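Asker: Pasting a structure below so you can have a look.
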Amino acid sequence: MSTATLTNLRDYLYGTLSPADMMWLMEEMKSHLRGSEDRLKPYTKEELHARIAQSELDIAEGRVYDFDDVMRELEEEFADEDARELAKAV
């Protein structure tokens, strides 16, 4: 995101949020950043090779989903979610 966009977002939030809301948001963002340190750690070459080897084994043993299976599962999940949202609205 560009500096100009971030500046505009900051200015918008300054004009919209109360001081208490700003403090809450700041704490939430700091907490998120602390948790992201583990997520941002790069894999070693050995870890990448191990993941590739495991993936090749999974493929060889048939532990895979093809595109149609994934799309069917997503459509079912979205349909279930839509039905729950509709039930809440009624």
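Asker: What are the GluC sites (Glu not before Pro) within region 45-75 that DSSP puts in a loop, where the Cβ has at most 10 other Cβ atoms within 10 Å?
Answerer: 61
Asker: While we're on this one: Residue 63 versus residue 84, label points 7 Å from Cα toward the beta carbon: distance in nm?
Answerer: For the pair residue 63/residue 84, the computed spacing is 2.7 nm.
Asker: Given +1 on the Cβ of Lys and Arg, -1 on the Cβ of Asp and Glu, and no further charges, what dipole in debye does region 27-90 carry about its Cα centre, rounded to the nearest 20?
Answerer: In debye, rounded to 20, region 27-90 gives about 520.
Asker: Rolling a 1.4 Å sphere over the protein heavy atoms, what is the accessible area per residue of region 1-59, to the nearest Å²?
Answerer: That works out to 92 Å² per residue.
Asker: Just the number, please: carbon plus sulfur as a percent of the accessible area of the chain, 1.4 Å probe, no ligands or DNA/RNA counted.
Answerer: Carbon and sulfur: 60 percent of the exposed surface of the chain.
Asker: Could you state the angle between the C-alpha long axis of helix 45-60 and the longest principal axis of the C-alpha atoms of the chain, as a value from 0 to 90 degrees rounded to the nearest 10?
Answerer: Roughly 50 degrees, rounded to the nearest 10.
Asker: Roughly how tilted is helix 19-39, in degrees to the nearest 10 and between 0 and 90, from the longest Cα axis of the chain?
Answerer: Around 30 degrees separate the two axes.
Asker: For region 13-90, which chymotrypsin sites (Phe, Trp or Tyr not before Pro) are both in a DSSP coil and crowded by at most 11 other Cβ atoms within 10 Å?
Answerer: Of the chymotrypsin sites (Phe, Trp or Tyr not before Pro), the ones in loops of region 13-90 whose Cβ has at most 11 other Cβ atoms within 10 Å are 43, 65.
Asker: Going by alpha carbons, how many degrees (0 to 90, nearest 10) lie between the helix axis of 3-16 and the longest principal axis of the chain?
Answerer: 60
Asker: Turning to a different aspect of this structure: Note the listed values (i) 22.0, 57; (ii) 14.7, 50; (iii) 14.8, 45, then indicate which one is Rg and Dmax of the Cα atoms in Å calculated from this particular structure.
Answerer: Here Rg and Dmax of the Cα atoms in Å agrees with entry (i).
The values are calculated or read from the model by the stated rules, or taken from the named source; none is laboratory data. Source: prediction; values computed, not measured. Reconstructed Cβ throughout: ideal geometry from the backbone, glycine too, with neighbour counts over all protein chains shown. Note: accessible area is taken over every heavy atom of the protein model, side chains too, but ligands, DNA and RNA are not part of it. Shrake-Rupley method; radii C 1.70, N 1.55, O 1.52, S 1.80 Å.
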